Amino acid sequence: MDKHDCEVLVLGGGPGGYVAAIRAGQLGLNTILVEKDALGGICLNVGCIPSKALIHMADTFSHMQKAAEGAVPGVSVAPPSVDLPGVMTWKDGIVERLTGGVGGLLKKSGVTVLSGTGRMRDGKTCIVETVDGQITIGARHIVLAPGSETIELEALPFGGPVISSTQALALDTLPTKLVVVGGGYIGLELGTAFAKFGVDVTIVEATGHLLPQYDRELSSLVGKRLKDLGVDVLLDTKAVAMSDKGDVLEVAGPDGVAQNLEADKVLVTVGRRARLKGWGLSELGLAMNGSAIRIDAQCRTSMTDVFAIGDVTGEPMLAHRAMAQGNVVAEIIAGKRRSFEPAAIPAVCFTDPEIVSVGFSADEAKANGYEVKVGKFPLLANGRAMTLDATQGFVRVVARKDNDLVLGMQAAGQNISEFSSAFALALEMGATLEDVAATIHAHPTQGEGIQEAAMLALGKGLHI
Ligand code: FAD
Ligand code: NAD
């Protein structure tokens, strides 16, 4: 059996693991990254990137269809058609470019990538099963980044018409009737995209509102747009079982009232959970935080020199959190004083309209003991939004009443996900309402809404 020693062993090559490995390599640490599938993890291969590619093409198709229906002033085109395999080939090309790029960056940083399944034997040793046999790696520091896995419903096991997001992102034909079980991030992002491609979509959500992670002012705009797109939304409803023939999904609505929904595909998106099996968690016996690995502010687990990052450490399961943790951990291992204590982790949902939330909503701020000032500026009054023919949405700023410190920023609108950077920067820099209001925002941009929302909170709104 081959035996290698290194300074840092990273288990898992998703956004958390590959960033940790690149940074460790850049800092001159002898680093080995073990990945059992493709570099880039869920995010690059079957998550963030492919889903956004599909959403973009669905938007393109939907704009063309609107033009064909005579609903775009001054533009007319013939009715468009969808070539789904063509869309998927384009999407796969982006994935290949990005995952290839990650391989190149790891190489450039001097990281050794080992293709195989790793299993921790103890806090210093990992056994890797490769196609050429077993390799034992001894490491001074371990970074665990094995990610998460899709939650399967017992009543609706994956197979046949019941699919996960991974299969939905690789379909070669569009379903006629798609039922999406779970009205959270994935269900709404992909459900909206399929609806725009012309699929008859029904969304079944167990709670009383869509996107329960977001406040209702944001999620209600998404619900309204889904209605306009002809998507049926069933709230307080749970999936019960698929018919024997596999073409009807039985659901139980409020008070258990049963309903049968015809479907040729049922996409189950009821959440993800930390991946706790298959890599030796039981051998390490790490302390847990519920169903995720417990970490401190330096991403240290309960075992000395064993760190954990990304989805395996629980919510929020977001790629940018995993990457930020990976960066911090590599620097800590290299001896720098770092911790993972962000002022806020931006949350963005790529629905229509897109929604973004950074920091506290007004209700969350109040629940945390703050008295607040709120400024909300509608995109209806924003010139750029008018020229984009996309005035559904708003920008909201929440600040402390006593000293105007910004506690949270939210927005809904077209391409508004890009606001997450400005929002996160404002919170991280400790901006006050005056800072935001006095910053010159270029005209004409939707970003002027940020400045206007801050001005409104200060009682000196200009354009409303
Ligand atoms: P992962 O990406 O899960 O990577 C873990 C890696 O570890 C995998 O490559 C796996 O093969 C490897 N591994 C596991 N066990 C072993 C082992 N024993 N040996 C070797 N290798 C192993 N997040 C966002 O921020 N924005 C989005 O828009 C977004 N969209 C998403 C869309 C979809 C459809 C899905 C499913 C997820 C989306 N996410 C999004 C979530 C995001 O993908 C995850 O938060 C992110 O990938 C987590 O990164 P990670 O490094 O912790 O784990
Ligand atoms: P989610 O937690 O966002 O949503 C799951 C939804 O399913 C919830 O609304 C929940 O109430 C509902 N649900 C649970 N059980 C149900 C049942 N039996 N019947 C009907 N509804 C049920 O989970 P997801 O959409 O699977 O996404 C997983 C994770 O991936 C997200 O939490 C997020 O961390 C990440 N993600 C992020 C983005 C982004 O950042 N834009 C996009 C996609 C995924």
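What to note about this one:
- 3 or more residues closer than 29 Å to Gln213 by Cα: qualifying strands (runs of 3 or more DSSP E) within region 232-344: 232-234, 238-242, 248-252, 258-262, 265-268, 272-274
- If you filter region 297-338 down to residues that are away from ligand 1 (no atom under 12 Å from the Cβ) and at positive phi, you find that the one that is surrounded by the fewest Cβ atoms within 10 Å (Cβ to Cβ) is Gly335.
- Cβ pairs under 6 Å, 6+ apart, first in region 401-415 and closer than 15 Å to Asp435 by Cα, second aromatic (Phe, Trp, Tyr): Leu407/Phe360; Gly408/Phe360; Met409/Phe423
- Taken together, the residues in region 348-392 that are assigned to a helix (DSSP H, G or I) and either within 16 Å of ligand 1 (Cβ to nearest atom) or modelled with pLDDT under 95 (or both) amount to 0.
- Subset tally (residues that are hydroxyl-bearing (Ser, Thr, Tyr) and loosely packed, with under 15 Cβ neighbours inside 10 Å) for region 79-117: 2
- Within region 420-464, the residues that satisfy the criterion of being over 22 Å from Ala390 (Cα atoms) and either assigned to a loop (DSSP other than H, G, I, E, B) or among the hydroxyl-bearing types (Ser, Thr, Tyr) (or both) are Met429, Gly430, Ala431, Thr432, Thr439, Ile440, Leu458, Gly459, Lys460.
- Within region 204-256, being more than 9 Å from ligand 2 (Cβ to nearest atom), of a type in the set (S, T, N, Q) and either surrounded by fewer than 17 Cβ atoms within 10 Å (Cβ to Cβ) or farther than 19 Å from Thr269 by Cα (or both) holds for Ser220, Ser243.
- Residue within region 58-67 that is crowded, with 21+ Cβ neighbours inside 10 Å and over 30 Å from Val312 (Cβ atoms) present: yes
- Leading residue by the ranking (nearest to Leu169 (Cα to Cα)) among those in region 40-80 that are of a type in the set (Gly, Ala, Ser) and either within 15 Å of ligand 2 (Cβ to nearest atom) or within 29 Å of the chain's Cα centre (by Cα) (or both): Ser51
- Residue in region 273-286 that is farther than 30 Å from Thr391 by Cα and of a type in the set (Asp, Glu) present: yes
- Residue list for region 117-158, restricted to those being in contact with a helix residue (DSSP H, G or I) (Cβ under 8 Å, 6 or more places away or on another chain) and more than 12 Å from ligand 1 (Cβ to nearest atom): Arg121, Asp122, Gly123, His141, Phe158
The values are calculated or read from the model by the stated rules, or taken from the named source; none is laboratory data. All of these numbers come straight from a predicted model, not from anything done at the bench. Reconstructed Cβ throughout: ideal geometry from the backbone, glycine too, with neighbour counts over all protein chains shown.
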